[in-house]
Structures are given as C-alpha cells and as structure tokens.
Amino acid sequence: MKHWTIEDIAWDHFDPSKVDPEILKAVKAAALVEHNGYDYAAYLCSVFADDPEFCLEAKNWAEEEVQHGRALRRWAEHADPAFDFDTAFTRFTREVTLPLDAKQSVRGSRSGELVARCIVEVGTSSFYGAMAAATDEPVLKSIAMRIRADELRHYKLFLNHLNRYLEREQLGPTRRLMIALGRIRETEDDELAYAFHCANQLPEPYDRNGCIAAYSKRAYGMYKRPHVERAVMMTCKAAGIDPQSRVARLLSDASWWLVRRKVGWLERRAA
C-alpha cells in the first residue's frame, strides 16, 4: 500500500481560527525531533550492522519519520509564518547528538534496543492520537491521525524484530519491563526539552527543568484515559506481560493516576 505524502494533505482546509497556541508549541518541538530520523537510523544500522533486513527497514522507517517532521513543520509555518525551522533545527542538532558509530546498543543487547524502540513508538502513537483528539484545526487533525497510524505500524515493525531476536537472546519479562520503564523516564531528558527550547525561541540560558515542565504540560494535557490505557497495553506486550492481565490493569490505573497528578501539578506551577 502506497504511503501517504505531504501532497496528500488538504492544506487548503487550514483554519487559522482553530489553532491552539499551546498545541502549536508542542507541534514545533515534535517537528524537530521527527526530522532527526536519519540520525536514529544511522545509530540503529550501526548496532545491527550484520542484519541487512533490519537495516533496510530502519532506513525506510527513518524516511517516514523525517516526513512526519516535514509535515509538522509545514503546518507550524502555516500557523506561525515567523517560525524559523531551519535555525531551530540547526541549534537542536548541534547539542542533541547520538552515538552514530556505536557497535553495541546502549540498552545492553539488541533485544533491549528493540524493546526501547517499541516504547518510543508507544509514546509517539499515543501522543499523536491525543493530539488528533485535542485539536479542532482540521489539517493538524489529519496530520496527527496519519502520523499515529504510521507509529502504530512502526511499533509492530520493531515488535516483530524483537520477537525474532528473543529467539536467540535471553531477555526475560522483568528485564524487558525495566528497559521499558527506563525509556519512559527518558522522555524527560534533554531531547524533548531542548527541542521545545529551540523550536519556541525561548531566551538563553536554556532552562532544562522549565522546558521539561512546559513541554510536559502541553503534551500530557492532551491525554485522555483511553490514550493511556492503550499505551500501557502496548508497553506490556513489548515487555512480555499479558496486556489483559491483572498486572496490566494495575499498571494502567497507576499510569492514568500519575498522568493526571502530573498535569495538575504542572498547571498549579504555571498559575
């Protein structure tokens, strides 16, 4: 099936009166991160250098990720003609770098790397699903739905390769869950925070904690319980836990409580 292109989007339906300025800030940051897909593919192809099947699919994955960044960039430029993507992206990539020549995964094994990749796709699919539900702007809604569908497919791609590698590497559910939780915690590292800083032209010096809070408030504020529940089910599957089990239900309840608690705290902080 032919993948969508930027030209498939009905740009003439853009409605500036329905742009949410807070969602726009999150979109600008996401555009930078998505547009950096080629570097992620280079890292993965270095780690999986002797697996040509995976490397080919990683390169195709990166093409789609970069297209996501281009689509988000174009929408953001419609919403804010002053948005200087090129300058923001140059600043972002100058400071946020990946170990492009790594011979081993930073997760300790290839299975661990694939668990982490699954979790990234869990996060992005839920994020764009929440964005599609939260925005009233028709073009952004269309873009977010298309990207969400891509990210769900990417999750399945990495999950299939994970299952293939688990046949040769012994990585039990406990270790897989620890890697998954560790990758979730990394959403509050410098990547998204600094992307938010660069994309929104915030004043220097870079305030890491302030940018984490600002991005998280806008991202988590879009989530509804179904988005969190689906994310937890997908995370459990990657970790080797039955998504319908009592453990999964407890994790889902706890995750939704944490999201609401965090949003409440961030809103009080911003007041």
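Compute, for the chain, the length of the dipole vector about the Cα centre, with Cβ point charges of +1 (Lys, Arg) and -1 (Asp, Glu) only. Units Debye, rounded to 20.
In debye, rounded to 20, the chain gives about 1220.
Taking the Cα atoms of the stretch 48-125, what is the range of coordinates along each of the three principal axes, in descending order and whole Å?
The principal-axis extents, from largest down, are 44, 25, 22 Å.
For the stretch 116-271, what is the convex hull (Cα atoms) projected area averaged across all directions, in square nanometres?
Mean shadow area of the hull around the Cα atoms is 10.2 nm².
Which one, (i) 1.09; (ii) 1.15; (iii) 0.95, gives Rg/Rh (Cα atoms, Kirkwood Rh) as derived from the coordinates shown?
(iii)
Got a sec to turn the phi values of the stretch 61-74 into Karplus ³J(HN,Hα) couplings, 6.51 cos²θ - 1.76 cosθ + 1.60 with θ = phi - 60°, whole Hz, x for Gly and Pro?
4, 5, 4, 5, 4, 5, 4, 4, x, 5, 5, 5, 4, 4
At 1.4 Å probe size, put E63, E121, E188 in order of accessible surface, largest to smallest.
Heavy-atom accessible area, descending, gives E63, E188, E121.
Counting Lys and Arg as +1 and Asp and Glu as -1, what is the net charge of the other residues whose Cβ lies under 12 Å from the Cβ of R91?
-3
Report in % the part of the accessible area of the stretch 183-265 that belongs to carbon and sulfur, leaving out ligands and nucleic acids; probe 1.4 Å.
56
Can you give the Rg and Dmax of the stretch 228-271 based on its C-alpha atoms, in angstrom?
12.9, 41
Could you give the angle, 0 to 90 degrees to the nearest 10, between helix 208-220's Cα long axis and the longest principal axis of the Cα atoms of the chain?
That helix lies at roughly 90 degrees to the long axis.
With a 1.4 Å probe and every protein chain left in place, tell me how much accessible area R73 has, in Å² to the nearest 10.
In the full protein context, R73 sits at about 60 Å².
Work out the charge dipole of the chain with +1 on the Cβ of Lys and Arg and -1 on the Cβ of Asp and Glu about the Cα centre, then indicate which of F89, P138, Y128 is farthest towards its positive end.
Result: Y128, furthest along the dipole toward the positive end.
So with the 1.4 Å probe, I'd like the accessible area per residue for the chain, rounded to whole Å².
Per residue, the chain has 49 Å² of solvent-accessible surface.
Counting only the heavy atoms of the protein chains, how much of L192 is accessible to a 1.4 Å probe, in Å² to the nearest 10?
About 30 Å², ignoring ligands and nucleic acids.
For the stretch 1-133, take every pair of Cα atoms, bin their distances at 5 Å starting from 0, and report each bin as a whole percent.
In whole percents, the pair-distance histogram is 2, 9, 16, 21, 19, 14, 10, 5, 3, 1, 0.
Please list 3J(HN,Hα) in residue order for the stretch 143-149, calculated via the Karplus relation 6.51 cos²θ - 1.76 cosθ + 1.60 where θ = phi - 60°; whole Hz, with x for glycine and proline.
Each residue's phi maps through the Karplus curve to give 4, 4, 5, 5, 5, 4, 4 Hz.
Once both axes come from the Cα atoms, what is the angle between helix 37-47 and the longest principal axis of the chain, in degrees from 0 to 90, rounded to 10?
In the chain, helix 37-47 runs at an angle near 10 degrees to the longest axis.
Can you return the lysines within cross-link range of K103? Criterion is Cα-Cα under 24 Å, with same-chain partners fewer than 8 residues away left out.
Leaving aside lysines fewer than 8 places away in the same chain, those within reach of K103 are K59.
Compute, for K224, the solvent-accessible surface of its heavy atoms (probe 1.4 Å) with the complete set of protein chains present, and express it in square angstrom to the nearest 10.
120
Running Debye on the stretch 132-203 with equal point scatterers at the Cα sites and no solvent, what base-10 log of I(q)/I(0) appears at q = 0.16, 0.22 Å⁻¹?
Here the Debye-derived log intensity ratios amount to -0.91, -1.09.
Mind jotting down the distance between the C-alpha centroids of the stretch 92-161 and the stretch 34-90, whole Å?
Taking the Cα centre of the stretch 92-161 as reference, the centre of the stretch 34-90 is 11 Å away.
Throw me the Rg/Rh for the stretch 181-271, computed over C-alpha atoms with Kirkwood Rh, two decimals.
When Rh is taken as the Kirkwood radius, the ratio is 1.05.
The values are calculated or read from the model by the stated rules, or taken from the named source; none is laboratory data. Computed from a predicted structure; not experimentally measured. As a convention, Cβ positions derive from the backbone with ideal geometry for all residues, glycine included, and neighbour counts pool all protein chains shown. Quick note on the areas: whole protein, heavy atoms, side chains included, nothing else; ligands and nucleic acids left out. Shrake-Rupley method; radii C 1.70, N 1.55, O 1.52, S 1.80 Å.
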